[in-house]
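Below you'll find the structure, written out as structure tokens, and then a few comments.
Laboratory data are not the source of any read-out in this text; all were calculated from the coordinates shown. As the structure is a computational prediction, the values presented were derived from the model and not from experiment. Glycine also receives a Cβ, built like all others from the backbone with ideal geometry; neighbour counts cover every protein chain displayed.
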């Protein structure tokens, strides 16, 4: 007993001496005489990376660390070269200068992380599309940006807009976030990605595979997180952008940012206008294949940081009008046109609060309110007088409104180099109104708690386990889990493996839809179960730094299996009643390969994917369980710094998508979607110390318009029809003005 007491006393004395021996070092990070805020400062004892800690610089570019011995210190931030230094305990302060670089070997990611993390150190495989890529591609919205992205397929609907699939899974299984806040307003289960303008987006992070433990419902196929530009650390910055293309797009937007000590403010807004487009367009024809569209958008951010707290208010507004002019009805006595107008409004107000506890833990709070409203009106227009009146049929008019209140609390520890946790709650309360919902109003509450543990088993091996417990007011919610492993085989080669469960909650529409008229009899199903999935992934990533350049290569295999798939099906043949039911399963599997080379003036990449989609008819008919489709993409950017010019080319091949279906006689026939290639080229030139930049280019170089797909038309036959894939080849130009004061 005496020995035990002496031993404990000795440990206490050693710990006291160790703490007392620690010295505080003030770290200051600048770039071009401007403080670098939110730079990640990672430090660990010399020769022992297992005991690493992290600090983040404030609005003055400063942070304080405590050390008791010689350490290795590393400073990183997106868009800057990584700086590494060695410090001793007798140092009182140190200033560092970061240099901006176009070779982002150590990009920092935040989606699905336990804190800002270098991309190479992330336990998830994450794709980053940065601001530079957005500008080089001339991308106006998310649809433009993802057109050339591997493993992403985009389909176009005249009224519902642009819809995506990811890893062979439909867009209703992909969660879209803006700064971590989910986007609402799914039409027919999908979100129109052409409604997300990129004028104020810093970068887009994409994670393939279920992220339901962290982000809840709809994240079976993956997560796309649009990360907005934060208020700058400059005293003042002003920006303006102008875009024009030959098919009739006229866009303009502007932004301004201001800073006064720890208070930062930024505002932005703009208008996008599209005149509509049809192949072999005749101005006398009212109907257009690609509908005229007008969008207004704006946002405001106010950030205040003091001490170890940071608070940010983020408000967004979006309004869109789509005009669908139908072909005229002409008789000897009249000329009439029936026109549909679709109005969409999105509003989001969010409050972000971050608290830092001596670099040992962080507390993050998000509270937001999102509003979505879609109105459809039909007018009868007298083409001889120009007068319009709203049609008397009540089914021609419709208003649907959804709102979502989100409260998210996340507590993350950083005090141990061996074991850290992330825990919190996630509350989502959604309401919907509209005549197509039972009783014209429905609501749904989702209350979840999640727990994630992160184990650094060694300097090479990281393990992460996660659980999410859910209570839903409308259906029995599943418990979902995940397990991730990352192993650094050596300094250049790393392995990632994962098993993750995902789920998609039945939407208010699927639960409570009531749409009955002379042409429809569709009713919701309040007894629906959630879709659940099991996902397996394994990948190898190779990185080889060569002087001031880097070669990389990645190989990934994946398998998804969805159960309780929600499908619209006929439930009463006598009354032709349709309803949503849980039926069958759906699977995808495949392989992704990619390689890239980055250096100061050249950035090149190439990718290949081979994705199999499950044929549900294989359970009852003699057909292959999976139908496979290929994709190939490539990018090449070449810069000439001496004349401040960059040339870029983007290419994507979408291979044929085969499948099977029943024809009118009940026989199984082969179906397909035609393969096609999309390519964009651009040239960017900067003037007057980068105040002015001009990008000119050509989109859809191969002049793709409509592609063929097969449909069942009659017994034992299939009829080829077409779907829109592009508006043909056209030129575009973008003018950007940027001015800032330090």
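Once a ≥ b ≥ c are taken as the square roots of the eigenvalues of the Cα gyration tensor of region 186-312, is the result rounded (a/c under 1.5), prolate (a/b larger than b/c) or oblate (a/b not larger than b/c)?
Judged from the Cα gyration tensor, region 186-312 comes out oblate (a/c at least 1.5, b/c at or above a/b).
For the pair residue 438 and residue 585, how long in nm is the line joining their label points, each one 7 Å along Cα→Cβ?
3.0 nm
Taking the alpha-carbon centroid of each part, what is the distance from region 129-147 to region 308-339 in angstrom?
Each part's Cα centre sits 24 Å from the other's.
Testing the spin-label approximation: label points 7 Å from Cα along Cα→Cβ at residue 644 and residue 407. State their distance in nm.
Computed distance between label sites residue 644 and residue 407 equals 5.1 nm.
Given the C-alpha centroids of region 583-649 and region 521-542, what is the distance between them in whole angstrom?
22 Å
Grab the Cα-Cα distance for residue 708 and residue 34, subtract it from 0.36 nm times how many residues apart they are, and report the gain in nm with one decimal.
Details: separation 674, 0.36 × 674 = 242.64 nm, distance 5.48 nm.
237.2 nm is the gain from fully extending residue 708 to residue 34.
Please determine, in degrees from 0 to 90 and to the nearest 10, the orientation of helix 2-21 with respect to the longest principal axis defined by the Cα atoms of the chain, where the helix direction is its Cα long axis.
Between the helix axis and the principal axis of the chain, the angle is about 80 degrees.
What is the gain in length, in nm to one decimal, between residue 302 and residue 334 on full extension, counting 0.36 nm per residue of separation less the C-alpha to C-alpha distance?
Extending this stretch completely gives an extra 5.9 nm.
Is the shape of region 77-169 best called rounded, prolate or oblate, per the rule: a/c under 1.5 gives rounded, else a/b larger than b/c gives prolate, else oblate, with a ≥ b ≥ c the square roots of the Cα gyration tensor eigenvalues? Working shown, then result.
Details: a/c = 3.88, a/b = 2.40, b/c = 1.62.
It comes out prolate by the Cα gyration axes.
Report the full-extension gain for the segment residue 68 to residue 489: residue separation times 0.36 nm, less the Cα-Cα distance, to one decimal in nm.
So the extension gain works out to 148.5 nm.
Just how far, in whole angstrom, is region 417-477 from region 361-377 if you go by their alpha carbon centroids?
For region 361-377 versus region 417-477, the Cα centre distance is 16 Å.
With runs of 4+ DSSP H residues as the only contributors, calculate the mean residue ellipticity of the chain at 222 nm using -39,500 (n - 2.57) per run, divided by the residue total and rounded to the nearest 500.
Using -39500 (n - 2.57) per qualifying helix, the result is -1500 deg cm²/dmol.
If r is the Cβ-Cβ distance from residue 388 to residue 244 and R0 is 41 Å, what FRET efficiency results, to the nearest 0.05?
The formula returns an efficiency of 0.85 here.
Please give the FRET efficiency for residue 418 paired with residue 285, using the beta carbon to beta carbon distance and R0 = 60 Å, rounded to the nearest 0.05.
0.30
Once a ≥ b ≥ c are taken as the square roots of the eigenvalues of the Cα gyration tensor of region 108-226, is the result rounded (a/c under 1.5), prolate (a/b larger than b/c) or oblate (a/b not larger than b/c)?
Since a/c reaches 1.5 but b/c is at least a/b, the shape of region 108-226 is classed as oblate.
Which FRET efficiency value, to the nearest 0.05, is calculated for residue 317 and residue 604 with the Förster distance at 41 angstrom and r the Cβ-Cβ distance?
0.55
Testing the spin-label approximation: label points 7 Å from Cα along Cα→Cβ at residue 455 and residue 46. State their distance in nm.
The two pseudo-label positions are separated by 3.3 nm.
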